[in-house]
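J.: Here it is, the structure, as structure tokens.
The values are calculated or read from the model by the stated rules, or taken from the named source; none is laboratory data. This structure is a prediction, so every number in the text was calculated from the model and none was measured. When we count neighbours, we look across all protein chains shown, and the Cβ atoms used for this are built from the backbone with ideal geometry, even at glycine.
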Amino acid sequence: MGFVLSLLYFVICYLTPQAIFGPLAAYRIELILALLVSVVSLPALSGSLIWKTPQSLALIGLMFSVFLSAVFGMHWAGGSVPALLTFIPNAFAYFLVCLHCNTKKRLKIIVLMAVFVCLFVMVHGYYDLRLGLPESNYLMAQKNTAGEWIYRVRGLGGINDPNDFAQLIACVTPLVFIFWRKKQPLRNTACVLVPVCALLYGEFLTHSRGGMLAFLAMAIVAARRRVGTLPALLLAVVLFVAASALHVTGGRDISADAGEDRTDLWSESMQLIKSHPLVGIGFGNLPDYLGHTAHNTVLVCTAELGLIGLYFWSLFLFPTLRSALTAASPTQVSDGDPVARVKELLPFQARKIEHIDKADINHLGRLLVLSLTGFLVAGWFLSRAFVITFFLLGGMVEVVFQMALQRGMVAPRLPMARVLRYTGVLAFSLLVLMYTVLRVLNLVH
């Protein structure tokens, strides 16, 4: 019951209650569902992995940072309520995945849900595009570099920008390979290749430059393991040339000059960080200062929530990346002894244990690494530090890591003290990297 309600909750978060329930959305069905799934999830809290992961502490810290940013950054205590009501529904996804998505089968269903969301938006956008409906909620009109009008497919709610929708597609595409089976060409074609081709076409319909770069980054990471670093880079160059020839970006240039306005926003955001270092200027308040968002996840997080917020955001990111990389590494995952582990469990828990071997863990880990790569690369050009996709992926990563841990395949999680220290290093490194990029871009201009 909890898992089914969680799936419905995710779909509503992505597609909005209006798209799912129509006129009934006026009755705030999403709040009723959130309350219901919270109540149903209470029994699952006992012994759940959410008590063992640093990400849970990170989310509590982020909620505290959102509160502080409203009270001290915006000087408006009442603003903390709408800010938290915006942040919490997305962060809630992490807990729901950890509580209810505890098997490989359920991971597959989560992926199917994400594919459904992407296809739902793509079909609506393509249909409106064919009918020539420029006022459609699923299309955004924009002029390209040559001054020609193009129409970019987008979703609703949290993916109501073509770049946000492109980021979601980039994250979902590698996860589709969870259905891949060796020596089953017909199954692989129907269950993997056809959906992937559909998602790639959806990426094309968004004409997103950040989305294209995310796919190139994922191609490098995926190919590097098989052919080496240099051939993988050469492959990315070939794909970039091909994408440019096919006008994937809709005639919108990818260059330092084309991104000059974005660079200016980055510089202004950095100045805001210097003037409001600890608690930031307020959650979601950056457009009030710049007239626009900053188009960079790290800068938006730091400018709005301050260094405190960046630290807790990094506290979510660091263990997520480490768990994903560990699961993906053949050297860090052993064969384990799942039979011995199952005997230690209660009978009703033992039925939930699937047969999962080292190859399964490595496969899931590699797919999640690719998905996180797509999210982070696209996020470098987007202001999406707190979207549901990020927390959904974080939950999936920890579920896979917990599967391996239960079976004795991986070493235990790092002690919290070490995680906290490494998180500080990561947060500092992200700011230094951003500062260095800005200095280099300014020199180029």
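J.: Are there any pairs with C-beta distances below 7 angstrom linking a residue in region 38-53 that is free of Cβ contacts under 8 Å to residues at least 60 places away in the same chain and in a helix (DSSP H, G or I) to a residue that is surrounded by 11 or more Cβ atoms within 10 Å (Cβ to Cβ) and aromatic (Phe, Trp, Tyr), with the two at least 6 apart or on different chains, and if so which?
T.: Between residues of region 38-53 that are free of Cβ contacts under 8 Å to residues at least 60 places away in the same chain and in a helix (DSSP H, G or I) and residues that are surrounded by 11 or more Cβ atoms within 10 Å (Cβ to Cβ) and aromatic (Phe, Trp, Tyr), the close pairs are Ile50/Phe95.
For (1) among the basic types (Lys, Arg); (2) surrounded by fewer than 20 Cβ atoms within 10 Å (Cβ to Cβ); (3) touching a strand residue (DSSP E or B) at 6+ places or on another chain (Cβ under 9 Å); (4) under 19 Å from Leu376 (Cβ atoms), each residue gets a yes or a no:
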residue	(1), (2), (3), (4)
His207	no, no, yes, no
Ala214	no, no, no, yes
Ala217	no, yes, no, yes
Val227	no, yes, no, no
Leu230	no, yes, no, no
Leu233	no, yes, no, yes
Val237	no, yes, no, no
Ala243	no, yes, no, no
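J.: Let me ask something else about it. Output the number of the condition that Val194 fails; it satisfies all remaining conditions of (1) β-branched (Val, Ile, Thr); (2) in a helix (DSSP H, G or I); (3) at pLDDT below 90.
T.: (3)
J.: Another question, if that's okay. Here are Ile273, Ile220, Ile281: which of them is of a type in the set (A, V, I, L, M, F, W, C) and within 30 Å of Leu107 (Cβ to Cβ)?
T.: Exactly one residue qualifies, and that residue is Ile220.
J.: Any residue at all in region 75-92 that is crowded, with 21+ Cβ neighbours inside 10 Å and farther than 30 Å from Leu272 by Cβ?
T.: No - not one qualifying residue is present in region 75-92.
J.: If you don't mind, another one. Between a residue in region 1-22 that is within 16 Å of Ile388 (Cβ to Cβ) and any residue that is outside any helix (DSSP H, G or I), which pairs come within a Cβ distance under 8 Å, given they are 6 or more apart or on different chains?
T.: That search, which allows pairs on different chains as well, returns Ser6/Cys101; Tyr14/Gly155; Leu15/Gly155; Leu15/Leu156; Thr16/Leu156; Pro17/Arg28; Ala19/Leu156.
J.: Just a yes or no: is a residue in region 134-157 in a helix (DSSP H, G or I), touching a residue at least 24 places away in the same chain (Cβ under 8 Å) and not hydroxyl-bearing (Ser, Thr, Tyr)? Lay out the reasoning, then the answer.
T.: Step one: filter region 134-157 for residues in a helix (DSSP H, G or I), giving 157.
Of the ones still in play, those that are also touching a residue at least 24 places away in the same chain (Cβ under 8 Å) are 157.
Subsequent filtering for residues that are not hydroxyl-bearing (Ser, Thr, Tyr) retains 157.
Within region 134-157 (the criterion being in a helix (DSSP H, G or I), touching a residue at least 24 places away in the same chain (Cβ under 8 Å) and not hydroxyl-bearing (Ser, Thr, Tyr)), the answer is yes, since at least one residue qualifies.
J.: Looking only at region 87-120, which residues are more than 17 Å from Leu15 (Cβ to Cβ) and touching a Cys at 6+ places or on another chain (Cβ under 7 Å)?
T.: Passing the criteria: only Leu107.
J.: Oh, and also: Within region 181-217, can you find the residues that are over 27 Å from Asn144 (Cβ atoms) and touching a residue at least 60 places away in the same chain (Cβ under 8 Å)?
T.: Pro195
J.: Can you tell which of Ala324, Ala294 is under 21 Å from the mean Cα position of the chain (by Cα), hydrophobic (A, V, I, L, M, F, W, C) and modelled with pLDDT under 90?
T.: Exactly one residue qualifies, and that residue is Ala294.
J.: Considering only residues that are buried (at least 22 other Cβ atoms within 10 Å of the Cβ) and at pLDDT below 95, which ones fall in region 102-123?
T.: Asn102
J.: Looking at region 6-28 only, could you name the residues that are modelled with pLDDT under 80 and either in a helix (DSSP H, G or I) or under 21 Å from Asp164 (Cβ atoms) (or both)? Explain how you work it out, then say what you get.
T.: So the first thing to find is which residues in region 6-28 are modelled with pLDDT under 80, and the list is 24-28.
Leu24, Ala25, Ala26, Tyr27 - these are the residues of region 6-28 that are modelled with pLDDT under 80 and either in a helix (DSSP H, G or I) or under 21 Å from Asp164 (Cβ atoms) (or both).
Each row is one residue, and each column tells you yes or no for (1) within 26 Å of Asn296 (Cα to Cα); (2) without any contact (Cβ under 8 Å) to a residue 60 or more places away in the chain; (3) surrounded by fewer than 17 Cβ atoms within 10 Å (Cβ to Cβ); (4) of a type in the set (S, T, N, Q).
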{"position": "Asn362", "(1), (2), (3), (4)": "no, yes, no, yes"}
{"position": "Thr373", "(1), (2), (3), (4)": "yes, no, no, yes"}
{"position": "Ala385", "(1), (2), (3), (4)": "yes, no, no, no"}
{"position": "Leu392", "(1), (2), (3), (4)": "yes, no, no, no"}
{"position": "Gln406", "(1), (2), (3), (4)": "no, no, no, yes"}
{"position": "Pro412", "(1), (2), (3), (4)": "no, yes, yes, no"}
{"position": "Ala417", "(1), (2), (3), (4)": "no, yes, yes, no"}
{"position": "Leu430", "(1), (2), (3), (4)": "yes, no, no, no"}
{"position": "Tyr435", "(1), (2), (3), (4)": "yes, no, yes, no"}
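J.: When you look at Leu315, is it buried (at least 23 other Cβ atoms within 10 Å of the Cβ), in contact with a Pro (Cβ under 8 Å, 6 or more places away or on another chain) and more than 19 Å from Gln167 (Cβ to Cβ), yes or no? Walk me through it before giving the result.
T.: On the way: buried (at least 23 other Cβ atoms within 10 Å of the Cβ): yes; in contact with a Pro (Cβ under 8 Å, 6 or more places away or on another chain): yes; more than 19 Å from Gln167 (Cβ to Cβ): yes.
Considered against the rule, which asks whether it is buried (at least 23 other Cβ atoms within 10 Å of the Cβ), in contact with a Pro (Cβ under 8 Å, 6 or more places away or on another chain) and more than 19 Å from Gln167 (Cβ to Cβ), Leu315 comes out as yes.
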